[in-house]
Amino acid sequence: MGAEHILMGYDHLLFVFGLILLVGFRKKLIITATAFTLAHSLTLAASMVDAVAVNQRFVELLIALSICLVAVEGLRNRATLASMAPSVVAFLFGLIHGLGFAGALKDIGLPADTFVVSLLAFNFGVELGQIAVLVFAWCLDLVVAYLVKSQRILARARTVMGYLIGGFGTFWFVERLIH
């Protein structure tokens, strides 16, 4: 169920793609993705046991805004806080995304008799889905880099990806703001 949520949750997918845009496929991506995972696991668990209660509409707005921000930061050609400390940014936004996961999971509902096991299974599924996305994106990046030898074309493709990610984030932010 958790893997399905990450794979069908386009906003969460685009955030992960934004992290890839920001960090690239380096060792730092593993640390950044781990920080995101740790953070959203914390707020998912805290929210599911009612230790944290937030307005879900506000959380959804912040998730859309987080997509915009990682896209903008990924497109910058200079050092920024996000590019120098992406794991910190991923952790902070992961806290927000965890609240989003919790909202979706509360809508589905967990059986009371197996609550802890179900919560762990959902979170494990989210992590498997996220790893699958990272592996797929890395393989796609290798294939594209092999087929396209021009650094200029690769740089333009990266720019287009950044604008697409940011554009969707902006669209979702406005849509969630007016609905």
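The values are calculated or read from the model by the stated rules, or taken from the named source; none is laboratory data. Every value quoted in this text rests on a predicted model; they were computed, and no experiment measured them. Here the Cβ positions follow ideal geometry from the backbone for every residue, glycine too, while neighbour counts run over all protein chains shown.
Given the options 133, 117, 160, name the one that is at pLDDT 85 or above, over 21 Å from residue 38 (Cα atoms) and either assigned to a helix (DSSP H, G or I) or of a type in the set (A, V, I, L, M, F, W, C) (or both). Let's see the steps before the verdict.
Details: 133 fails: over 21 Å from residue 38 (Cα atoms); 117 fails: over 21 Å from residue 38 (Cα atoms).
Only one candidate passes the filter, namely 160.
Those residues that are loosely packed, with under 11 Cβ neighbours inside 10 Å and of a type outside the set (Gly, Ala, Ser), I need them from the range 144-170; list them, please.
146, 147, 149, 151, 152, 160
Going through 54, 23, 70 one at a time, which residue ends up being in contact with a Leu (Cβ under 8 Å, 6 or more places away or on another chain) and over 18 Å from residue 161 (Cβ atoms)? Outline the logic, then answer.
Working: 23 fails: over 18 Å from residue 161 (Cβ atoms); 70 fails: over 18 Å from residue 161 (Cβ atoms).
After ruling out the rest, the residue left standing is 54.
What is the residue count in the range 70-86 for residues that are crowded, with 18+ Cβ neighbours inside 10 Å and of a type outside the set (A, V, I, L, M)?
Total satisfying the criteria: 3.
Consider residue 77 against the criteria (1) within 29 Å of residue 27 (Cβ to Cβ); (2) in a helix (DSSP H, G or I); (3) of a type in the set (S, T, N, Q); (4) out of contact with any Ser or Thr (no Cβ under 6 Å at 6 or more places or on another chain): it satisfies all of them except one. Which criterion is unmet?
Every condition holds for residue 77 apart from (2).
Take the conditions of a type in the set (Lys, Arg), exposed (fewer than 14 other Cβ atoms within 10 Å of the Cβ), in a helix (DSSP H, G or I) and at pLDDT below 90 and apply them to residue 106. Does it pass?
Details: of a type in the set (Lys, Arg): yes; exposed (fewer than 14 other Cβ atoms within 10 Å of the Cβ): yes; in a helix (DSSP H, G or I): yes; at pLDDT below 90: yes.
Yes, satisfied.
If residue 19 satisfies every condition in (1) buried (at least 18 other Cβ atoms within 10 Å of the Cβ); (2) of a type in the set (A, V, I, L, M); (3) at pLDDT below 90 but one, which is the exception?
Result: residue 19 fails condition (3) only.
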